[in-house]
Amino acid sequence: MASTEPSAAGAGAGGESSSQAAAVEPIRMPTAEEIKGQDIWNNCAVRSVVSGVMGGGLGVLMGLFFGALDNPIMAEEMTARQQIVYTAKQMGRRSISNAKTFAVMGLIFSAAECVVEKARAKHDTTNTAVAGCVTGGALAVKGGPKATCIGCAGFAAFSVAIEKFFDRHT
Amino acid sequence: MAAKGGASNFEKEQMFGMAEKEMEYRVDLFNRLTQTCFEKCIEKRYKEAELNMGENSCIDRCVSKYWQVSLLIPFLFADSFYAYSIA
């Protein structure tokens, strides 16, 4: 498991001296398959599709959870079975609509972040902020320009906060 | 290039010397390339061993430009050298 990335620092310097061979493993350049496997994750399309799918899954879960909570059952005479069926349909409907929203959100966010990071060639919070702005604006574009601006700013702030919370950057 | 036995020995040594110099030049170029692009593209504080996408694209561009420059400059140098020796 001594895999190293094809980073600029790895000069492929062969093995260590025999006195250190027990503690330090020699540097091993990655094979072509390893590089291809890692390059798959560098592709913007693959990343955004995977993010969209994950967003869809999250939306389904959220829809199930909140759909079960939100049940104004009308005061009709329904047996227990009918109530269960009604609640289940409501949960399903809500989870599908949530899944679509979250999938689109994840797709747009991931695609925007990937494109911006590749163009800037830097790993920063600015990428997250720009991607959040694009996503928020795209989701709120139907409400007019003011709603787009507010959505952009709000979602950018939210995504930067989440980023700092998970502390991915230094 | 007379095909004498003694001269070809000398030529072989010459070729070995040139190949050695060429190899040293290549190794030096590689070391400088990795040093330059590492210092330019990779930030000093990091939390993971994997290369980010930004660093990846930075390294791609850095290596490509360095390589182009290293191919271009000997060409320009040779031109000016000949012009200098003629003048």
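Anything in region B:36-61 that is within 8 Å of chain A (Cβ to nearest Cβ), within 22 Å of the chain's Cα centre (by Cα) and not β-branched (Val, Ile, Thr)? List them, or say none. Walk me through how you get there before you give the answer.
Taking region B:36-61 and keeping what is within 8 Å of chain A (Cβ to nearest Cβ), we get B:37-38, B:41-43, B:45-47, B:49-59, B:61.
If we keep only those that are within 22 Å of the chain's Cα centre (by Cα) too, we end up with B:37-38, B:41-42, B:56-59, B:61.
Those that are within 8 Å of chain A (Cβ to nearest Cβ), within 22 Å of the chain's Cα centre (by Cα) and not β-branched (Val, Ile, Thr): B:Cys37, B:Phe38, B:Cys41, B:Asn56, B:Ser57, B:Cys58, B:Arg61.
Please list, ordered by first then second residue, the pairs with beta carbon atoms under 7 Å, 6 or more apart or interchain, first in region A:22-34 and outside any loop (DSSP other than H, G, I, E, B), second loosely packed, with under 14 Cβ neighbours inside 10 Å and hydrophobic (A, V, I, L, M, F, W, C).
As it stands, the answer is A:Arg28/A:Ala2, since those pairs meet every condition given.
Just need a number here: residues in region A:120-154 that are away from chain B (no Cβ under 14 Å), part of a loop (DSSP other than H, G, I, E, B) and surrounded by fewer than 19 Cβ atoms within 10 Å (Cβ to Cβ). Give the steps one after another, and end with the answer.
Here is the first cut: in region A:120-154, the residues away from chain B (no Cβ under 14 Å) are A:129, A:132-154.
Right, trim to part of a loop (DSSP other than H, G, I, E, B) and you get A:140, A:144.
Filter once more, keeping what is surrounded by fewer than 19 Cβ atoms within 10 Å (Cβ to Cβ): A:144.
Number satisfying all stated conditions: 1.
Condition check: within 7 Å of another protein chain (Cβ to nearest Cβ), within 24 Å of the chain's Cα centre (by Cα) and not polar (S, T, N, Q). Does B:Ile73 satisfy that? Write out each step before concluding.
Values: within 7 Å of another protein chain (Cβ to nearest Cβ): no; within 24 Å of the chain's Cα centre (by Cα): yes; not polar (S, T, N, Q): yes.
No; evaluated as a whole, the condition is false for this residue.
Return the residue satisfying two criteria in turn: it lies in region B:28-87 and is among the aliphatic types (A, V, I, L, M) and surrounded by 14 or more Cβ atoms within 10 Å (Cβ to Cβ), and of such residues it is nearest to A:Cys114 (Cα to Cα).
Just the residues of region B:28-87 that are among the aliphatic types (A, V, I, L, M), to begin with: B:29, B:33, B:42, B:49, B:51, B:53, B:59, B:63, B:69, B:71-73, B:76, B:78, B:83, B:86-87.
Applying the additional criterion that residues be surrounded by 14 or more Cβ atoms within 10 Å (Cβ to Cβ) yields B:33, B:42, B:51, B:53, B:59, B:63.
On the way: B:Leu33: 26, B:Ile42: 18, B:Leu51: 14, B:Met53: 8, B:Ile59: 16, B:Val63: 21 Å.
Among them, the one singled out is B:Met53.
Take A:Ala112 and decide whether it is at pLDDT 95 or above, closer than 17 Å to A:Ser51 by Cα and touching an Asp or Glu at 6+ places or on another chain (Cβ under 7 Å). Let's see the steps before the verdict.
Working: at pLDDT 95 or above: yes; closer than 17 Å to A:Ser51 by Cα: yes; touching an Asp or Glu at 6+ places or on another chain (Cβ under 7 Å): no.
In short, no.
Can you find a residue that is over 28 Å from B:Met53 (Cβ atoms) and either in the same structural domain as A:Ala140 (by the TED database) or surrounded by fewer than 13 Cβ atoms within 10 Å (Cβ to Cβ) (or both) anywhere in region A:52-69?
The answer is yes; a qualifying residue exists.
Applying the selection to region A:98-114, what residues are at the interface with another protein chain (Cβ under 10 Å from one of its Cβ atoms) and either touching a residue at least 24 places away in the same chain (Cβ under 8 Å) or of a type in the set (S, T, N, Q) (or both)? So that I can check it myself, show each step before the final result.
Initial filter on region A:98-114 (at the interface with another protein chain (Cβ under 10 Å from one of its Cβ atoms)): A:113-114.
If the condition is that a residue be at the interface with another protein chain (Cβ under 10 Å from one of its Cβ atoms) and either touching a residue at least 24 places away in the same chain (Cβ under 8 Å) or of a type in the set (S, T, N, Q) (or both), then A:Cys114 is the only one that fits.
Against the condition within 14 Å of chain B (Cβ to nearest Cβ), out of contact with any Lys or Arg (no Cβ under 7 Å at 6 or more places or on another chain) and at pLDDT 95 or above, how does A:Ala157 come out, does it pass?
no
Is there a residue being modelled with pLDDT of 80 or more, within 13 Å of another protein chain (Cβ to nearest Cβ) and over 19 Å from the mean Cα position of the chain (by Cα) anywhere in region A:35-54?
Yes, some residue in region A:35-54 is modelled with pLDDT of 80 or more, within 13 Å of another protein chain (Cβ to nearest Cβ) and over 19 Å from the mean Cα position of the chain (by Cα).
The values are calculated or read from the model by the stated rules, or taken from the named source; none is laboratory data. This structure is a prediction, so every number in the text was calculated from the model and none was measured. Methodologically, a virtual Cβ is constructed for each residue, glycine included, from the backbone with ideal geometry; neighbour enumeration extends over all protein chains shown.
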